[in-house]
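A short write-up of the structure that comes next.
Each value in this text was obtained by applying a stated rule to the coordinates, not by laboratory testing. No experiment lies behind these values; they were computed from the predicted model shown. Positions of Cβ are generated from backbone atoms using ideal geometry, with glycine treated the same way; all protein chains shown enter the neighbour counts.
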Amino acid sequence: MERNLEKIRHFFKADRWASGAGIVIDSASDETVQCSMEIQDIHRNAGGAVQGGAIFTLADLAFAVHCNLELASGEARGITVGQSCSISFLKSSRGTRLIARSCCLSRGKSISVYRISISDDLGILIAEMLGNGFSTVKKRT
């Protein structure tokens, strides 16, 4: 199910770290969430590559958006937070934009698992993150 993107963007504007990094929410549905970020000088490490923390922040926002679609859409109260995650950095980007795509692998009452793939605008897979969420969400009745 496609979600109200403007409502979701408005909710996640409060994530000042991700907003300050220049991350935008491109699309959001129950099946997948996509966020992206133009690579800027501030995202680069001392060696000139995109800093791992910038890549992680992009993946983390896609994870947070996907975990909290119902909250951001006004359909639930409570929040899902990251319980644990692991990220593997695979390649350096030679592109100008990074794209994170999240898909849900499992979602229970309290625990959920998401895979977030980060590619660049050249189609190169840059990193993979696996995130586990813990939820206090209660659906509105």
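Overview of values
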| read-out | value |
| --- | --- |
| Cα centroid of the range 74-141 to Cα centroid of the range 15-69, whole Å | 10 Å |
| Column: log10 I(q)/I(0), Debye, Cα scatterers of the chain, q = 0.13 Å⁻¹ | -0.52 |
| In Hz, Karplus ³J(HN,Hα) per residue of the range 39-48 (6.51, -1.76, 1.60; θ = phi - 60°; x = Gly, Pro) | 6, 10, 4, 5, 7, 8, 8, 5, x, x |
| GluC sites (Glu not before Pro) restricted to DSSP loop in the range 1-78 with at most 15 other C-beta within 10 Å | Glu31, Glu75 |
| Relative contact order, percent, the chain [alpha-carbon distance under 8 Å, six or more residues apart] | 24 percent |
| Cα radius of gyration and Dmax for the range 23-75 (Å) | 13.2, 45 |
| Within straight-line cross-link reach of Lys13, aspartates and glutamates at Cα separation under 19 Å, skipping those fewer than 8 residues along the same chain | Asp26, Glu38, Asp60, Glu70, Glu75 |
| Sparse-neighbour loop sites [trypsin sites (Lys or Arg not before Pro); the range 1-84; at most 11 other C-beta within 10 Å; DSSP] | Lys13 |
| Around Ser29: net Lys/Arg minus Asp/Glu count, Cβ-Cβ under 13 Å | -3 |
| Computed [θ] at 222 nm, helices only, for the chain once each DSSP H run of length n ≥ 4 contributes -39500 (n - 2.57) | -6500 deg cm²/dmol |
| Residues with amide H under 5 Å from that of Gln83, placed H, sequence gap 5 or more | Asn132, Gly133, Phe134 |
| Electrostatic dipole magnitude of the range 5-139 [Cβ: Lys, Arg +1; Asp, Glu -1; Cα centre; debye, to 20] | 320 debye |
